[in-house]
1. Pick out, from region 158-209, the helices (runs of 4 or more DSSP H) lying fully within it that include 3 or more residues that are farther than 30 Å from Ile51 by Cβ and either free of Cβ contacts under 8 Å to residues at least 24 places away in the same chain or not assigned by TED's automatic domain parsing to the domain that holds Ser247 (or both).
2. Are any of the residues in region 128-148 surrounded by fewer than 16 Cβ atoms within 10 Å (Cβ to Cβ), under 24 Å from Val24 (Cβ atoms) and among the charged types (D, E, K, R)?
3. Which of the residues belonging to region 229-267 are of a type in the set (S, T, N, Q), crowded, with 16+ Cβ neighbours inside 10 Å and farther than 23 Å from Leu144 by Cβ?
4. Please name all residue pairs, on different chains or six or more residues apart, with Cβ atoms under 6 Å, provided the first residue is in region 218-230 and is among the charged types (D, E, K, R) and the second residue is surrounded by fewer than 17 Cβ atoms within 10 Å (Cβ to Cβ).
5. Using the structure shown, decide if Leu243 is within 13 Å of Leu179 (Cα to Cα) and either part of a helix (DSSP H, G or I) or in contact with a Pro (Cβ under 7 Å, 6 or more places away or on another chain) (or both).
6. Restricting to region 31-49, count the residues that are more than 25 Å from Ala79 (Cα to Cα), without any contact (Cβ under 8 Å) to a residue 40 or more places away in the chain and over 21 Å from the mean Cα position of the chain (by Cα).
7. Within region 104-143, which residues are outside any helix (DSSP H, G or I) and modelled with pLDDT of 85 or more?
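The values are calculated or read from the model by the stated rules, or taken from the named source; none is laboratory data. Everything quoted here is computed from the prediction, not taken from an experiment. When we count neighbours, we look across all protein chains shown, and the Cβ atoms used for this are built from the backbone with ideal geometry, even at glycine.
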Amino acid sequence: MADSTKDPESELEGGKMPLLDHLVELRTRLIYAVAAFIACFFIGYALAEPIFRFLVEPLHQMWAGQEGRRLIYTALHEAFFTYIKVGFFFAACVSFPIVSGQIWLFIAPGLYKHERNALLPFLLATPVMFLMGAAMVYYIVIPLAWEFFASFETSGAGGNLAMTLEPKVDQYLSLVMRLIFAFGVAFELPVLLVLLAKVGIVSSDGLKSKRKYAIVVAFVAAAILTPPDVISQVLLAVPIIALYEISIFIAQFIEKKREEEAATEDP
């Protein structure tokens with residue numbers, strides 16, 4: 001028989017902590033997080049050229065064998081600030097696990113053991129799902145979108161003016177980062193919904209009843225977050241809807257497991 005006099009605070013990793021100690025701990029975690037971001041930024045800036053070449057590779061593959069293709073910049077500082085953006089983009093992606101780890105180390109001592117066990121898998125799943133979304137953008141969405149945009153070029157035959165695609169480096173980078181961010185955030189949907197189902201805020205039945213609204217919201221979000229072409233919008237909306245359905249399935253599994261545990265504990 002369990003000891004009914006057991007103090008619930010004993011399940012806390014750190015127990016009670018004075019306010020001053022909380023502030024000192026918060027300052028320490030913030031220093032580590034900012035230092036990690038700054039270090040990753042300088043590394044990203046040092047590697048800005050190969051990183052940018054990697055991001056441009058889908059365009060390079062599309063233009064393979066064509067002479068005279070190029071990227072341009074029209075302001076003296078444009079290329080420099082493009083590399084600065086690359087450094088920030090690299091730092092945001094690479095330092096995220098470190099920053100989230102520092103956040104976890106700050107809040108974990110104030111959580112009960114079962115709360116830590118429940119939240120830790122979601123913390124680990126967040127960068128994995130973001131990486132999956134970014135990979136889908138780079139290997140599937142971008143090649144198709146670039147082919148679509150390049151299809152508007154004209155040769156200038158018959159006395160007409162030619163239309164030639166010459167992307168600016170800053171605009172190209174901004175578009176790629178926007179797509180990666182949009183798909184990365186969209187792929188976090190199962191993490192959020194499953195976490196809400198875990199704590200009992202949403203249910204599988206509630207998600208099913210809101211399915212038609214979720215489909216509309218998915219296409220609206222895709223229209224806002226992606227360039228104005230049907231290909232990238234559909235390629236974002238369809239995975240969001242599929243991930244929503246997967247979240248319903250996982251929520252059903254969580255509810256079933258919760259009911260089994262309740263039945264086991266109930267005499």
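1. In region 158-209, 204-209 are the helices (runs of 4 or more DSSP H) which contain 3 or more residues that are farther than 30 Å from Ile51 by Cβ and either free of Cβ contacts under 8 Å to residues at least 24 places away in the same chain or not assigned by TED's automatic domain parsing to the domain that holds Ser247 (or both).
2. no
3. Once the filter is applied, which keeps residues that are of a type in the set (S, T, N, Q), crowded, with 16+ Cβ neighbours inside 10 Å and farther than 23 Å from Leu144 by Cβ, region 229-267 yields Ser247, Gln252.
4. Asp229/Phe148
5. no
6. Matching residues across region 31-49 total 2.
7. none
Okay, residues lined up against (1) within 16 Å of Ala134 (Cβ to Cβ); (2) more than 22 Å from the chain's Cα centre (by Cα):
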| position | (1), (2) |
| --- | --- |
| Ile51 | yes, no |
| Leu59 | no, yes |
| Met62 | no, yes |
| Glu78 | no, yes |
| Phe81 | no, yes |
| Gly87 | no, no |
| Glu115 | no, yes |
